[in-house]
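First comes the structure, then the notes that go with it.
We did not get these values from a lab; they are worked out from the coordinates using the rules stated. Bear in mind the structure is a predicted one, so any value in this text is a computation, not a measurement. Glycine also receives a Cβ, built like all others from the backbone with ideal geometry; neighbour counts cover every protein chain displayed.
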Amino acid sequence: MPLHFDTERLSEEVLAFDRSCWRLHPQKFPGNFALPLISVNGNPDNDAINGPMRPTAYLEQCPYLTQVLHRIGAVWGRTRLMKLSGHAEVAPHADVSYYWRERTRVHVPIVTKPTVRFFCGEAEVNMAAGECWIFDTWRSHKVINGDEDERIHLVADTVGSEGFWDLVNRGRAPGHPGFEGWREEAVAATPEERPTLIYESVNVPVVMTPWELQEHLVFLLGEVQPHQQLATAQQVATQFITNWKMLWAQYGTDRTGWPFYREELNAFAHAMEKITAPLMLVNGTKVMDALRPMLLDVAIAGAGKDLGAYEPRRPVVSGSRPAVSDRDEVFDRPVFIVSSPRSGSTLLFETLAQAPGLFTTGQESHGLIEGIQGLHPAHRDYESNRLDAAAVTPVRMKELRDRLLAKLRDREGRPVSQKPIRLLEKTPKNALRVPFLAKIFPEAQFVYLYRDPRRTLSSMIEAWQSGRFRMYPDLPDWNGLPWSLLLVPGWRDLIGRPLQEIVAAQWETTTRILLDDLEALAPGRCHVARYDAFLMDPAAEVERLCGALELEWDRSLDEVLPLSRHTVTEPASDKWRRHEDLIEQVVPGLQATLDRAERFVAR
């Protein structure tokens, strides 16, 4: 772009920041660091892309950086200083998520050398200090810092403005004609000037309109490399758009329509998962790896915000306890997170455990339960981890309640000092113990956490292979890898079977039994959370759950949550594809239970 900025002034402002001001990259890429200048509500610890973008205290300390952004002239979204350590890289990737679909990324190099190489598509450039660049983020791009010194860029995202696009039209691309007589405008620092910037306030829809949804799908499918399956994907997408229009005509953004939108979205995602498996985009991305962040994760992601405006989330306040004649005087509506293995329950547990007034043991309660006489599988010929209401005796009930009460601590580490208390518990085997727990805790509430089965199965395979989740290493008659994760009924039928069939049976048996038990509960005792929705907008999902469970909530959450303590390898949207061939062998046999789980979650 035809601008050139004062690198000495920029360096002076940027290098004044202490190293403690820099954050690790949200995806924790080695050698990648960021210093937030514009973020949601001006909070430098919030890396989200949904919410009103405002200047952080760091930008307030940088008058010339502010002047730079003002001269470029745009409505500014998330903006950061991005640092790349010596000899570090930004791995090849394409920006396929919803936020960057309609935004341009502006780079102003501040501290750099000719050895820093930027690749986009087939092109390679060195962005020199003080220059101003934009590029096609949809194409695969990467950066290599070939020197031992750090590289620092101003990186700003924007939907543009009339003046901004005029600058773009006067820009020039390396390798193309038109540089004759071309001049860059030198933008000098103006002492004491603090111009007013324009910031975006609306960036994620409440419910995506059918017209926006159609535009994204037409674009995405238009980027698919030729394949015989493409026509089928286009037919399914057309029907989905038609169904979405019908729902929009009925409900618009009204809350009563959200379950129906979700059901339609789930069905579309499930169909496209199968159809698009062999389809690749021209930028080298698999279709589903773009469809999810661009559309599926955000089509109703704005639920909870008013259309056309964003309101900061207010603290959730708990409601009064229901008046019942036989209420539990010790355990007030205890909350049990239940799910199939490796569905993300630890991350949800660790997040909800931050709620004020909640008490947890701080870990999974395998030993507390199985240490009671008669409850360990060894006492029952290793039949399984299944415990129903018949396993409850007065002695066992008292012992388990006493054991838990002695271990419970609040979020500050303080023991129970008064009763009743709110308990939060998460132990994977509890997915097979709902009737048992419901009888011991008459006011128990259950949160069913649902995760895409393909991703769950991949994580289960990884867990078995890691050796970190060996529950019964000396399981009688078992051969092969030591038994990992929960022990399901019928496990002896799995002796000698391939690992993918073992984990598939674990998932199907657990899910089937869990759904049976949850459907048998009285209305109001079961709540549902989707792992993908939780990752996409943790604050919104936690707020919703706390409201349903009548819990207080008083903390802010970043868009990207910390890794849970049971994470085996770094998360990634396509990590499950490491085991894709094995998983696709077993998914057809799980279809009935998979469909049932989707219907249950949609309801």
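Below is a table of values for the structure above.
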| quantity | calculated |
| --- | --- |
| Region 105-180 and region 237-307: distance between their alpha carbon centers, rounded to Å | 33 Å |
| For residue 526, distant residues with modelled amide H under 5 Å away | 446 |
| In region 95-124, GluC sites (Glu not before Pro) in a DSSP loop with at most 16 other beta-carbon atoms within 10 Å | 102, 122 |
| DSSP-assigned coil residues among GluC sites (Glu not before Pro) in region 409-478, each with at most 16 further Cβ atoms within 10 Å | 412 |
| Dipole of region 3-199, positive direction: furthest Cα of 88, 114, 41, with charges on the beta-carbon | 41 |
| Region 443-550 pair-distance distribution - Cα-Cα, 10 Å bins, rounded % | 12, 36, 30, 18, 3 |
| Per principal axis, descending, Cα span of region 210-296 in whole Å | 39, 21, 21 |
| Label point distance in nm, residue 596-residue 578, each placed 7 Å from Cα along Cα→Cβ | 3.1 nm |
| Residue-span extension gain [residue 231 to residue 587] - 0.36 nm each, minus C-alpha spacing | 125.8 nm |
| Value of Rg to Rh for the chain (Rh from inverse mean 1/r over Cα pairs, i.e. Kirkwood) | 1.00 |
| Computed [θ] at 222 nm, deg cm²/dmol, the chain (DSSP H ≥ 4; -39,500 (n - 2.57); rounded to nearest 500) | -10000 deg cm²/dmol |
| Prolate/oblate/rounded label for region 126-237 (Cα gyration tensor, a/c 1.5) | prolate |
| Qualifying chymotrypsin sites (Phe, Trp or Tyr not before Pro) in region 97-200, DSSP loop, other Cβ atoms within 10 Å at most 15 | 179, 182 |
| Taking the convex hull of Cα positions in region 3-199, its mean projected area over all directions (nm²) | 10.8 nm² |
| Dipole of the chain [Lys/Arg +1, Asp/Glu -1 at C-beta], most positive-end residue of 20, 189, 498 | 498 |
| Order of 140, 161, 417, 345 under a 10 Å beta carbon neighbour criterion, fewest first | 417, 161, 140, 345 |
